[in-house]
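Read the structure below first, then the notes.
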Amino acid sequence: MGSVHHIDGDEIVPNAGGNQECIECLERLLEKARNGEVVGVAIAAQYADGSTSGPAGGFLYNSRIVGELMIRVTRLSLGQ
């Protein structure tokens with residue numbers, strides 16, 4: 001069976017297995033945190049079952065992190 005794609009072209013990941021692009025993104029961010037470059041994160045996470053969560057940790061300067069989150073919201077809403 002072929003892979004299933006969302007209307008915007010993104011592959012829909014089944015409940016079993018992982019998404020390599022997601023794993024690589026998190027590994028890059030983790031390496032930057034280990035090097036001291038990244039000092040805080042606010043994450044919008046989507047699970048294979050469609051549920052979501054929003055963990056946050058570290059030093060978050062509110063106006064900067066909210067600004068970045070708004071950029072992400074805008075890009076996601078435009079399908080970018």
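Each value in this text was obtained by applying a stated rule to the coordinates, not by laboratory testing. Because the structure is predicted, anything quoted here is derived from the model rather than measured. Cβ sites come from the backbone with ideal geometry, for glycine too, and all protein chains shown count toward neighbours.
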So, R0 is 30 Å and r is the distance between the beta-carbons of Glu27 and Gln80; what FRET efficiency does that work out to, to 0.05?
0.85
Report the gain in length on full extension from Ser63 to Asp49: 0.36 nm times residue separation, minus Cα-Cα distance, nm rounded to one decimal.
1.9 nm
